[in-house]
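Asker: Before I ask anything, let me first share the structure, which is written out below as structure tokens.
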Protein chains: 2
Amino acid sequence: MSTSSYSSKSDFVEAFSLKIEELGHPRIYGQILGWLLICDPPHQSFPDLMENLAISKASVSNVTRMLLERGLIEKVRIKGERQIYFKLKEGSVIDFMQKQLRLALDLEEITSRGLEFLSKEKDTDSKRLKKANDFHRFLAEQSENLIEKYKADHDL
Amino acid sequence: MSTSSYSSKSDFVEAFSLKIEELGHPRIYGQILGWLLICDPPHQSFPDLMENLAISKASVSNVTRMLLERGLIEKVRIKGERQIYFKLKEGSVIDFMQKQLRLALDLEEITSRGLEFLSKEKDTDSKRLKKANDFHRFLAEQSENLIEKYKADHDL
DNA sequence: AATTTAGTTTACTCAATACTAAACAAATCT
DNA sequence: AGATTTGTTTAGTATTGAGTAAACTAAATT
């Protein structure tokens, strides 16, 4: 499987945003993140984003707000300029994936409560759920460790 | 945060399916998986699923087909009975999460191709993308290791 | 063979949401 | 103050997909 590379920045942005979209985010969410990974300069204005991604002003406004709230991008102000610029926040890639890994933690909690209920009911077969709970706890703990280890080793 | 447990099996199923739904699956997808984790007996017929989950026959047919294709459930036949039964496949919980972890691998590949393109273009700043690629490769490798370790230690 | 049972497929409805255009608000410049 | 630039909010369109009822197919029982 030789990784045939992209033939434009747009190609990368599309592939990247498609993957992000699969996770349930709006298309433009991934487009902006992807673009901010490779654009030059690293900070981009409203018109920059509108032109390069072919999206409306309203979309830039709405989606940048989402990304700001989630702490994935930040505003940049430049002296003497009226426009807002946006750039990726340091560590945003890690934060993004860390959020994904919360799934294991959530499922651990849900299965844990399920087990608690089953025990009250003296339910015959809690084996399946117990296995699931074990696995999710393991995964939640270990993946958290992974991130911490990475952060420690790779300075931010 | 004391985990106040559920007060019915349905409560568990709803909580579980809601979390699965967040991942982009249909509601019923998670409902069936959740129910098959706690139902008694572990194998369930069309009417079982229709009644306990309050869903239509068509939905049972469609969603069980999806789950079968993905290898998360399997058919059970009982001698002298015409009905099909479904049960969770052994290891389905692990398989499910392993699929989630593919995200890191996919993003590693996408960022890798992006870097390849940037290098051809002699792009000034590939620092952001390189960092992202590093991180995703780390995560893909390590999380794969985690699963393997778990499988080795916990016999299936 | 005819009828009942079991499951699939088709066609439709309904709800959610992404995205945008246009109206609006706020701030800066002349 | 008036005009222009910059960004937000509102209201509307359009697409997508989940879920179901009903029609259909296949198999087994009488």
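Condition check ((1) in the same structural domain as A:Asn145 (by TED's automatic domain parsing); (2) out of contact with any Lys or Arg (no Cβ under 7 Å at 6 or more places or on another chain)) across all residues:
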| position | (1), (2) |
| --- | --- |
| A:Glu21 | no, no |
| A:Ile32 | no, yes |
| A:Ile38 | no, no |
| A:Asn52 | no, yes |
| A:Ser56 | no, yes |
| A:Arg65 | no, yes |
| A:Arg77 | no, yes |
| A:Lys99 | yes, yes |
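Asker: Then there is this: Under the condition of being basic (Lys, Arg) and more than 7 Å from chain B (Cβ to nearest Cβ), which residue from region A:4-44 is farthest from DNA strand D (Cβ to nearest atom)?
Answerer: Filtering region A:4-44 down to residues basic (Lys, Arg) leaves A:9, A:19, A:27.
Adding the requirement that they be more than 7 Å from chain B (Cβ to nearest Cβ) leaves A:9, A:27.
Numbers: A:Lys9: 22, A:Arg27: 10 Å.
Checked region A:4-44; the qualifying residue farthest from DNA strand D (Cβ to nearest atom) is A:Lys9.
Asker: Find all pairs meeting these conditions: Cβ atoms under 9 angstrom apart; at least six residues apart or on different chains; first residue within region B:65-81 and within 13 Å of DNA strand D (Cβ to nearest atom); second residue of a type in the set (Gly, Ala, Ser).
Answerer: As it stands, the answer is B:Leu67/B:Ser92; B:Glu81/B:Ser45, since those pairs meet every condition given.
Asker: Another question, if that's okay. Determine, yes or no, whether A:Ser10 is at pLDDT 95 or above, over 12 Å from the mean Cα position of the chain (by Cα) and away from DNA strand C (no atom under 12 Å from the Cβ).
Answerer: On the way: at pLDDT 95 or above: yes; over 12 Å from the mean Cα position of the chain (by Cα): yes; away from DNA strand C (no atom under 12 Å from the Cβ): yes.
Taking the combined requirement at face value, the residue satisfies it.
Asker: Name the residue that is nearest to A:Glu14 (Cα to Cα), counting only residues in region A:45-64 that are among the aliphatic types (A, V, I, L, M) and either touching a residue at least 24 places away in the same chain (Cβ under 8 Å) or within 13 Å of DNA strand D (Cβ to nearest atom) (or both). Steps first, please.
Answerer: From region A:45-64, those among the aliphatic types (A, V, I, L, M) are A:49-50, A:53-55, A:58, A:60, A:63; that's our starting set.
Filter once more, keeping what is either touching a residue at least 24 places away in the same chain (Cβ under 8 Å) or within 13 Å of DNA strand D (Cβ to nearest atom) (or both): A:49-50, A:53, A:55, A:58, A:60, A:63.
Details: A:Leu49: 14, A:Met50: 15, A:Leu53: 10, A:Ile55: 13, A:Ala58: 20, A:Val60: 17, A:Val63: 16 Å.
Checking each candidate, the answer is A:Leu53.
Asker: Which numbered condition in (1) touching a Ser or Thr at 6+ places or on another chain (Cβ under 8 Å); (2) surrounded by fewer than 14 Cβ atoms within 10 Å (Cβ to Cβ) is the only one that A:Arg82 fails?
Answerer: (1)
The values are calculated or read from the model by the stated rules, or taken from the named source; none is laboratory data. Values in this document were obtained by computation on a predicted structure and should not be read as measured data. Note that we place each Cβ from the backbone using ideal geometry, even for glycine, and neighbour counts take in every protein chain shown.
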